[in-house]
Amino acid sequence: MKKKKSTSEARREFIKNGLVLSAITIVPRHVLGGVGFTAPSDQLNIAAIGAGGKGASDIRNASVNGRERISALCDVDFSGTASETIKRFPKAKLYADFREMLDKEKDLDAVTISTPDHVHGSAAVYAMERGKHVYVQKPITHNIREARMLTEMARKQQVVTQMGNQGGSNPLLQLVQKWVDSGVIGKISKVQVWTNRPVWPQGIQMPSPDPASKPSALNWDLWLGPAPLKPYTPNLHPFNWRGWWDYGTGALGDVGCHLIDIPFRTLGLKYPKDAECSIGSVYSQMWVPDYLPEGCPPSSMITLHFGATEKSKSPIELTWSDGGIRPPHPEIIPANSDIGGPGSQNGVLMIGEKGIISTNINDSSPLTPKLYLNDGTTEFGPEVEPNDEPEYGHQRMWVDACKAGFNSSEHKALTSSFDYAGPMTETVLMGNLAIRSYLLQREDVNGRSEFYARKKLLWDGENMRITNLEEANQFVGRIYRSGWEL
């Protein structure tokens, strides 16, 4: 059976055929509409799911300075920063429920998804099922099962995808890749990654519900989405949801896809073989640590082990630390120099036999790649990055790939399509699986609570299973509210 063309494909084919038929008399488009003019029939119809906060910049960048058509905006609260997006795109139709928008707006080609983490998977699945190209903020999903689902669905539906870890498109990563590929620091066996996150309330008691304080413009039921139904709780929307497992993915979810991306990409890593963690404790009373399993801890340290790959000829140990805990200063880096980024607050160290590569967080901050060799040789990338496009053109390149189509050269050139971003996100979220398992309790024979899962967890990445602690597998996915199942 012949595959039905999408609306955008049909528009492009019409344009191409029209150009061929009228080749003798055609007037160049720039003569009719000015330099850079894009005919309405050759514009993508794009919608935003999440139009405020990061969603505002995602949809703005995806419009490519007005080159593309922003047809619809979806948000559960248009009274906040999303109101500025309405002003920028006054012709866009407004929706609160992305399901209604995607069902009604038949002519949509693509959507940006910039909601809290817990809605990423639901929105992306609903969009891809309807043949829409998707740009999804990092991490692409709330849990490992959803990440695998999105990766496989993108291939099945033949849609163009990109995760919003814009630093993956930073040209300076090519310098880091050159250092790795050249073998200048020898075999790399250790990677250290750290962050100053969380910079939001975390490791504390969940705020109490207070329905009377709900903002009138907020659709709380739709904000909850697949999460358990509960009365309105203040101090979650629009940002502080990050520290609670029902909605967020903690420090790892916030910047893990920026930081871990650097070694995962340049070393060609695959699924980790195991995961182990420890977390910071808070004592509100003597000898009894606070036990708050519904939320992320104030700090954590994760250790992951990877097998050798084509780019990394030896096994790799990767450690992650958050809450401001950073690794010790390497001896070959001058004591007064930062490691990673400014103030050593965030960074990556790739440690080899002959030296160290140091970089900053890979978001829109200067990457500042630095090479230190044991013999005293150094090589530094620029402190100020040449960047002619917002966020390294990460959204624009996705838009161009959507126009070119699935499996096009433009699509294959994307730095974070789900074929890459899915496995990388799974690796990032392995850290959260370890943290949540670390907090598992049960009563021992004496009726006392014991933490029984504080061990190295062995991971079968292909089958998405912990093989030595069955109870840990509950955190591979999640329980969905009725009507939101995936």
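Where a number appears in this text, it was derived from the coordinates with a stated rule and is not lab data. Please read all numbers here as calculations on a predicted model, not as lab measurements. Quick reminder, even Gly has a Cβ in these numbers, built from the backbone with ideal geometry, and neighbours come from all protein chains shown.
Of note:
- Among ARG396, ARG454, the order by Cβ neighbours within 10 angstrom, fewest to most, reads ARG454, ARG396.
- Measuring nothing but how far apart in sequence close Cα pairs (under 8 Å, 6+ apart) lie, relative to its length, the stretch 239-355 scores a relative contact order of 22 percent.
- Here's the picture: charge each Lys and Arg Cβ at +1 and each Asp and Glu Cβ at -1 in the stretch 370-429, and of HIS394, PHE406, VAL428 the one pushed furthest to the positive end of that dipole is PHE406.
- If you look at the Cα atoms of the stretch 356-486, you get an Rg and a Dmax of 22.0, 65 Å.
- Karplus-derived HN-Hα couplings along the stretch 389-397 (A = 6.51, B = -1.76, C = 1.60, θ = phi - 60°), whole Hz, x at Gly and Pro: 10, x, 6, 6, x, 4, 6, 4, 5
- Cα gyration tensor, the stretch 195-294 - rounded (a/c under 1.5), prolate or oblate: oblate
- Angle between the chain longest axis and helix 144-157 axis [Cα atoms, degrees, rounded to 10]: 20 degrees
- Site pair ASP181 and GLU462 shows an inter-label distance of 2.9 nm when each label is modelled 7 Å from Cα along Cα→Cβ.
- Across the chain, the relative contact order, built from alpha-carbon pairs under 8 Å that are at least six residues apart, equals 17 percent.
- Cα gyration tensor shape of the stretch 304-417, rounded if a/c is under 1.5, else prolate or oblate by comparing a/b with b/c: prolate
- Relative contact order %, the stretch 104-155, counting alpha carbon pairs below 8 Å whose residues are six or more apart: 39 percent
- Dipole in debye (nearest 20) - the stretch 249-315, about Cα centre, beta carbon charges: Lys, Arg +1; Asp, Glu -1: 420 debye
- For the chain, radius of gyration divided by Kirkwood radius, i.e. Rg to Rh on alpha-carbons: 0.99
- Once both labels are positioned 7 Å from their Cα atoms along Cα-to-Cβ, the gap between TYR291 and ARG448 label points is 1.2 nm.
- Approximating the spin labels as points 7 Å out from Cα along Cα→Cβ, the LEU229-to-ARG88 distance works out to 3.6 nm.
- In the chain, taking the dipole from charged Cβ atoms about the Cα centre, the farthest positive-side position among SER337, ALA127, GLN202 is held by ALA127.
- Euclidean distance between Cα centres, the stretch 358-430 to the stretch 84-156, Å: 22 Å
- From most to least packed by mean Cβ count within 10 Å, the peptides 427-439, 300-312, 324-336, 63-75 give 427-439, 63-75, 300-312, 324-336.
- Ordering of 147-160, 440-453 by packing [mean C-beta count within 10 Å, highest first]: 147-160, 440-453
- Phi angles across the stretch 219-234 convert, under the Karplus curve 6.51 cos²θ - 1.76 cosθ + 1.60 with θ = phi - 60°, into 3J(HN,Hα) values of 8, 5, 4, 6, 4, 5, x, x, 6, x, 6, 7, x, 3, 10, x Hz, Gly and Pro given as x.
- DSSP beta bridge pairing in the chain, given as percent antiparallel to the nearest 5: 60 percent
- Full extension of the chain between SER281 and VAL384 yields a length gain of 33.2 nm, computed as 0.36 nm times the residue separation minus the alpha carbon distance.
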